[in-house]
1. How much accessible area per residue does the range 159-256 have, in Å², with a 1.4 Å probe?
2. Within the range 188-258, what whole-number % of the accessible surface is contributed by carbon and sulfur, with the 1.4 Å probe and all protein chains included in the calculation?
3. Within the set of other residues whose C-beta is less than 12 Å from the C-beta of VAL204, count the net charge using Lys and Arg as +1 and Asp and Glu as -1.
4. Kindly write out, for the range 136-145 in residue order, the coupling ³J(HN,Hα) from the Karplus curve 6.51 cos²θ - 1.76 cosθ + 1.60 (θ = phi - 60°), rounded to whole Hz, with x marking Gly and Pro.
5. For the range 2-77, what does the accessible surface come to per residue with a 1.4 Å probe? Please give it in Å².
6. What residues have an amide H closer than 5 Å to that of ALA137, excluding those fewer than 5 places away on the same chain, when H is modeled at 1.01 Å from N in the peptide plane?
7. How much net charge surrounds TYR261 when only the other residues with a Cβ under 14 Å from the Cβ of TYR261 are counted, with Lys and Arg +1 and Asp and Glu -1?
Amino acid sequence: MDRNTELSEFLRSRRARLSPGDAGVSVTNDSPRRVPGLRREELAQLAGVSTDYYTRLEQGRHLNVSETVLDAVARALQLDDTERAYLFELTRPRPRRTVRRRPPRPQRVRPGVHALLRTLDGISPAFVLGRRGDVLASNRLARALIIDFEALPYHERNMARFMFLDEAARSLWPDWETVAAEMVASLRLEAGRHPEDPRLTELVGELTIKSPDFRKWWADHNVREKTHGVKRYHHPVVGDMTLSYENVAIPGDPDQALCMYTVEPGSPSEAALRLLASWTAPPSARSSAPSSDARPSGDRPPTFPPDLTDPPFRTNPSLRTNLPFTPFAPSALFA
């Protein structure tokens, strides 16, 4: 990504969304407005700089811009904290390259983080996100909730690729447009931090070509830092769930984040998540409880709707309550 071009387009997009009324600029009716939002001269006046200076800044000619000027421009454009940081990132001087830069090394997840993911299994869907939204590691419950990333080729283990290029994603997230637009804004922020990442450039190019939705939202130049929030899921096995998530930076690697999901205690979402955890548990765990009529503990795959005579439903009747579907009764076939 060319930073000068991105700076120019970012400033223009922020200026276009700010109406004169929102900015407190009085407007006369004697001259028609040919552009949406504020004019350059109006923005320059709000920022306390000359129109010529702001024009050069918006054109990407931002040599030696002081923090004072950037602060003034950010206030005039009413940028939020993430957008302000992005503006500063775009204008931050970069050292001139005297040799060709090596491509970034593949990211690795520490054994201790893998152990933490296993500890969370059965309790919380959790996964590790790296640069570009790459899914570097995940526990069994997260793979059951979203998709089995570990079964995909390495270069396809990416949240944005799944979200825009796999039709299953649109039914998995009832609020798909909101979730997908936020993903684009997160990728845009990533591009500002790592403008010379060739794999990020390749990913953006692929999604721009293959997805009209991605192309439209990428042109909006929105940026967003995803640290926490709430997402709704419609899982094909256990139905609807509302999950809260927290993205926690992993110490020692600022480009990795541990994403963990939680549910409201006692809610239908908790019942659905418990059901999903039981349904995806290894055969040894599902048949661990002793019972005189227990089936052999073979590797028979789980079925949907789940057989309520299976462990753990037989040995734990509480799992049968608050199911997000009507259990199938074999006797109904002969009614």
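The values are calculated or read from the model by the stated rules, or taken from the named source; none is laboratory data. The shown structure was predicted, so the numbers you read here are calculated from the model rather than taken from an experiment. Neighbour counts run over all protein chains shown; Cβ positions are idealised from the backbone, glycine included. With ligands, DNA and RNA removed, areas are computed over all heavy atoms of the protein, side chains included. Shrake-Rupley method; radii C 1.70, N 1.55, O 1.52, S 1.80 Å.
1. On the way: 4550 Å² over 98 residues.
For the range 159-256, the solvent-accessible area averages 46 Å² per residue.
2. Carbon and sulfur together cover 54 percent of it.
3. Details: positive: ARG132, ARG161, ARG188, ARG199, LYS210, ARG215; negative: GLU6, GLU190, ASP197, GLU202, GLU206.
Surrounding charge for VAL204 is +1.
4. Each residue's phi maps through the Karplus curve to give 7, 6, 7, 8, 4, 5, 5, 5, 6, 6 Hz.
5. I get 57 Å² per residue for this part.
6. The list, which skips near neighbours in sequence, is VAL128.
7. Values: positive: ARG140, ARG143, LYS226, LYS231, ARG232, ARG274; negative: ASP121, GLU246, GLU264, GLU270.
Neighbourhood net charge equals +2.
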